[in-house]
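These notes are about the structure you will find just below.
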Amino acid sequence: MHDISMIGHILYDVRCYTDDFPMPDRMSLTKGRIRYSAGGSACNSAVCAANLGKNVTMCGKIGFDDYGIFLIQNFISKKVDTSNIIIDYHEPTGISVVIINRDGEPEIVEMLGANEPVSVRDIKADFFDTKLVHMTGTNLSALMYVSTSAKERNVKVMFDPGRSVSHFGYSKLEPILRNCDIVISNRVEMARLMEIENERSAGIDEIADRAREVFDGKVLIIKQGSEKTIVLCDRSFEVDTFKVDVVDTLGAGDTFAGAFATALVEGKSLEDCTVFANAAAALKVTKEGAQSSPTREELEAFLDKVSAQVRYL
């Protein structure tokens with residue numbers, strides 16, 4: 001039995017670090033060499049949970065090419081189960097070109113390639129032999145099938161729609177969301193999911209009030225980068241994040257999700273899950289790459305040195 005099953009995009013990341021993002025008709029030089037690594041939201045979360053000692057299986061699609069081989073080898077080296085990965089013999093492995101500026105903020109261009117669509121016929125029954133299913137952005141038919149099948153088996157479902165799915169809005173995603181126990185999103189994506197106009201300027205109170213109306217009875221987590229994390233539930237609360245020197249924020253939200261899922265299947269309270277996940281994300285942003293999440297030893301050593309205040313709303 002798996003501890004956590006994850007489904008979503010699997011990507012080959014090409015990363016460039018610069019002082020400033022490129023502007024039209026202007027050249028930006030990289031700081032050091034271009035880096036190559038594995039990426040994709042679910043992929044990053046899976047590696048995080050595996051780093052923290054969980055038995056994780058990953059479902060997603062790769063192409064039959066050198067990039068796909070690299071990604072499989074990466075999963076094996078990180079001790080993530082690959083038996084639920086699907087190989088597409090016609091489309092190439094997805095690639096993400098990422099530029100990170102001096103503040104650690106990314107700009108991303110993706111070629112999805114083989115990632116979508118994932119056919120429900122290719123999702124094995126073994127995928128649902130798990131304590132928790134975590135879904136990230138992929139085609140809606142796969143998300144509907146996975147969330148429904150998990151719910152029928154009394155498996156807890158966690159969902160981070162991310163930028164690739166949140167734009168569909170609650171009205172279209174409602175059949176999927178009703179199967180979810182926990183929904184995780186950042187502030188802008190949550191505003192988009194709630195179909196709030198002017199999503200980037202919407203205040204957190206407006207977003208939270210709207211989310212309470214829509215997500216009655218579910219656990220809703222709103223990430224705000226370096227600002228406090230808000231958890232809406234039967235006893236809503238907020239948790240301070242940890243102040244660290246930021247190098248690269250790519251994959252920080254995915255690390256949060258992987259660590260939160262880890263703590264949840266270990267039976268920790270929602271408060272402790274959130275502190276645990278905030279700490280993991282804080283350590284990740286101090287290093288380059290989307291999969292530079294901490295080991296269990298690193299995370300526990302960090303938590304021994306710091307404290308986080310939980311305030312009930």
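The values are calculated or read from the model by the stated rules, or taken from the named source; none is laboratory data. A quick note: this is a predicted structure, and the numbers were derived from the prediction, not measured. Cβ: placed from backbone, ideal geometry, glycine included. Neighbour counts: every protein chain shown.
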Total residues in region 87-106, condition surrounded by 17 or more Cβ atoms within 10 Å (Cβ to Cβ), part of a strand (DSSP E or B) and touching a helix residue (DSSP H, G or I) at 6+ places or on another chain (Cβ under 9 Å):
3
Out of curiosity, is D209 assigned to a helix (DSSP H, G or I) and of a type in the set (D, E)?
yes
Quick check on V56: is it touching a helix residue (DSSP H, G or I) at 6+ places or on another chain (Cβ under 6 Å), within 22 Å of A142 (Cβ to Cβ) and buried (at least 18 other Cβ atoms within 10 Å of the Cβ)?
yes
So S28, is it part of a loop (DSSP other than H, G, I, E, B), out of contact with any helix residue (DSSP H, G or I) (no Cβ under 7 Å at 6 or more places or on another chain) and either polar (S, T, N, Q) or modelled with pLDDT of 95 or more (or both)
yes
All positions within region 140-155 that are crowded, with 18+ Cβ neighbours inside 10 Å and either aliphatic (A, V, I, L, M) or not in a helix (DSSP H, G or I) (or both)
A142, L143, V146, A150, V155
Would region 216-234 turn up any residue that is free of Cβ contacts under 8 Å to residues at least 24 places away in the same chain, at negative phi and of a type in the set (G, A, S)?
yes
Of the residues in region 175-207, those that are touching a residue at least 24 places away in the same chain (Cβ under 8 Å), of a type outside the set (A, V, I, L, M, F, W, C) and out of contact with any Leu (no Cβ under 8 Å at 6 or more places or on another chain) come to P175, N179, D181, N186, R187, E189, R192, E195
Considering only residues that are more than 17 Å from H9 (Cβ to Cβ) and under 14 Å from the mean Cα position of the chain (by Cα), which ones fall in region 175-185?
I182, V183
May I ask you to verify whether S41 is polar (S, T, N, Q) and surrounded by 15 or more Cβ atoms within 10 Å (Cβ to Cβ)?
yes
Which one is surrounded by the most Cβ atoms within 10 Å (Cβ to Cβ) among residues in region 156-174 that are within 22 Å of L11 (Cα to Cα) and touching a residue at least 60 places away in the same chain (Cβ under 8 Å)?
D160
In region 298-313, what residues are aromatic (F, W, Y) and surrounded by 15 or more Cβ atoms within 10 Å (Cβ to Cβ)?
F302
Please determine whether any residue of region 114-125 is touching a His at 6+ places or on another chain (Cβ under 6 Å), at pLDDT 95 or above, not in a helix (DSSP H, G or I) and not hydroxyl-bearing (S, T, Y).
no
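Condition check ((1) assigned to a helix (DSSP H, G or I); (2) of a type outside the set (A, V, I, L, M, F, W, C); (3) within 14 Å of the chain's Cα centre (by Cα)) across all residues:
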position: K243; (1), (2), (3): no, yes, no
position: G258; (1), (2), (3): yes, yes, yes
position: C273; (1), (2), (3): yes, no, no
position: A280; (1), (2), (3): yes, no, yes
Return the total of residues in region 178-198 being out of contact with any helix residue (DSSP H, G or I) (no Cβ under 7 Å at 6 or more places or on another chain) and not polar (S, T, N, Q).
5
Given the conditions (1) within 30 Å of L177 (Cα to Cα); (2) modelled with pLDDT under 95; (3) among the charged types (D, E, K, R), every one holds for K243 apart from (1)
Considering region 59-86, residues that are out of contact with any Cys (no Cβ under 8 Å at 6 or more places or on another chain) and in a strand (DSSP E or B), and then whichever is surrounded by the fewest Cβ atoms within 10 Å (Cβ to Cβ), we arrive at D81
Starting from residues that are within 17 Å of S37 (Cβ to Cβ) and modelled with pLDDT of 95 or more, keep the ones in region 86-102 and report whichever is farthest from the chain's Cα centre (by Cα).
T93
